[in-house]
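S.K.: Quick one: the structure is below, questions incoming.
Values quoted throughout were computed directly from the atomic coordinates according to the rules given, and no laboratory measurement underlies them. Bear in mind the structure is a predicted one, so any value in this text is a computation, not a measurement. Because the Cβ atoms are built from the backbone with ideal geometry, glycine has one as well, and the counts that use them run over all protein chains shown.
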Amino acid sequence: MTLDFGGGFFLRRATTADHAALAMICLKTGDAGKDASGREDDPELLGLLYTIPYQVLEPELAFIVDSPAGAAGYLLGAADTGAFNASVASDWYPDLQRRVADPGPDSSRWRGSDWARHRVHHPDFAVPSALTAYPSHGHIDLLPQARGRGIGRRAMEFLGQRLAASGSTGIHLEVMPENDDALRFYEAIGFDVLQDADPPKHRIFVAKRLAHAAEAAG
Ligand SMILES: CC(C)(COP(=O)(O)OP(=O)(O)OC[C@H]1O[C@@H](n2cnc3c(N)ncnc32)[C@H](O)[C@@H]1OP(=O)(O)O)[C@@H](O)C(=O)NCCC(=O)NCCS
């Protein structure tokens, strides 16, 4: 156990045995924090895109929030976003591209998980310039039974401490613009909201500087 949240909830390192849970939780929170099961026709694909690569490529920062009823969330991090994106591009996407077919560029014809299949074949690994001061990034998604218990706050503090200890100066996360609950959560725990000024994407990020032991002491 890495961190005890009480009530039978705890944080532990994710392993390869957790890949199904990483995919399930990603699907159950994949519609801007809500259940995307009804929208997707490939229940594994969101996990293969957004969660499982973290356990494979950066396992020391991949964690499961466990509960008496099983996996109830995950906390994922990458210390160096540029290096992580390069690894994903070279070591993860080629297999994924062989697994799914490109649905083509006409989004009006996309159905089910076609948007994600298109993303597999046309990934965008560019990091907006506004994030230069926040080289690390993370993901946190909790199932409903794990929410509202202080787990999100403690988990994000834990990730920040781990990243700061490894020398990172800041962390960012991307938030779907329609995910108001998540934006309020990140603001409550001290993150700033950043708009990606680089057109035309209009993505929203939250970001926080990480204090190092020497600075905190000074
Ligand atoms: C967003 C999420 C990670 C928050 O985790 P959580 O464990 O529910 O949040 P916590 O209980 O630790 O709350 C921490 C603080 O945020 C505040 N907060 C959390 N959700 C909030 C909301 N919807 N509106 C306003 N404040 C909120 C809490 O009031 C608390 O403030 P306090 O510590 O000052 O009292 C979790 O609810 C979740 O996984 N949601 C679904 C998936 C998702 O949207 N993930 C984020 C994708 S970017």
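S.K.: For the chain, build the charge dipole from Cβ charges (+1 Lys, Arg; -1 Asp, Glu) around the Cα centre, then report which of GLY73, TYR93, THR169 sits farthest towards its positive end.
M.R.: GLY73
S.K.: With helices defined as uninterrupted DSSP H runs, which ones in the chain have an alpha carbon span along their own long axis of at least 18 Å and mean Kyte-Doolittle hydropathy of at least -1.0?
M.R.: On the way: long enough: 151-165 (21 Å, 0.06).
Going by DSSP H runs, the hits are 151-165.
S.K.: Also: Modelling each spin label as a point 7 Å along the Cα-to-Cβ direction, I'd like the MET1/SER166 distance in nm, to one decimal.
M.R.: If labels sit at MET1 and SER166, their model points lie 2.5 nm apart.
S.K.: Pairwise over distinct Cα atoms, reciprocal of the mean inverse distance: report the Kirkwood radius of the range 47-172 in Å, one decimal place.
M.R.: Values: mean 1/r = 0.0618 Å⁻¹.
Kirkwood radius, the range 47-172: 16.2 Å.
S.K.: Another one. Please compute the length gained on full extension between ALA17 and GLN145, using 0.36 nm multiplied by the number of residues separating them and subtracting their Cα-Cα distance.
M.R.: Going from the current span to full extension adds 43.9 nm.
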